[in-house]
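S.K.: Dumping the structure here so I can ask a few things about it.
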Amino acid sequence: CRILLKKYRLPRDHEYASKLGLLEREIEEMIQQLHQEQTQHAEQTLFSHTLHEENDKCIHQKEIDEEDVCPICQEELLKKMLPITYCRYSCGNNVHIKCMKIWADHQDETEKDSVVKCPLCR
């Protein structure tokens, strides 16, 4: 029961949740049903995320080459293996998230504007 509830996230009110033993056919049926539900949920999430991006009118992220560097720290983007964000509204260039946080904090100190500007295109 514990594996069904924790690992497979079977609802507590499901008929198999309190059953002492399951047949192989019942286990396969349950796993297939849970897999289908997860797949449908993933497809819906992907679809809504795609619609959200299309409605935002955001710029697509530029592909990262081996020679690309972070405009703030000047380190190669692929060398450090840090998480990366990009300018969504103008140029699409890539920046380390950590560096962008430092840039945003500095921008808050110097300017009272609520919008964080891209270090490349501003």
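S.K.: Report every pair of residues separated by at least 6 positions or lying on different chains whose Cβ atoms are under 7 Å apart, first residue within the range 80-100 and within 14 Å of Cys118 (Cβ to Cβ) and modelled with pLDDT of 85 or more, second of a type in the set (Phe, Trp, Tyr) and open to solvent by 20 Å² or more (accessible area, probe 1.4 Å).
M.R.: Listed pairs, sorted by first residue: Gly92/Tyr86; Asn93/Tyr86; Asn94/Tyr86; Val95/Tyr86.
S.K.: Tell me which of these Lys57 doesn't satisfy, since it passes every other one: (1) at pLDDT 75 or above; (2) basic (Lys, Arg); (3) out of contact with any strand residue (DSSP E or B) (no Cβ under 9 Å at 6 or more places or on another chain).
M.R.: Looking at each condition in turn, Lys57 falls short on (1).
The values are calculated or read from the model by the stated rules, or taken from the named source; none is laboratory data. Everything numeric in this text was worked out from a predicted model, so none of it was measured. Please note: Cβ atoms are built from the backbone with ideal geometry, for glycine as well, and neighbour counts cover all protein chains shown. When the accessible area is computed, the model is the full protein with side chains, heavy atoms only, and any ligands, DNA or RNA have been set aside. Shrake-Rupley method; radii C 1.70, N 1.55, O 1.52, S 1.80 Å.
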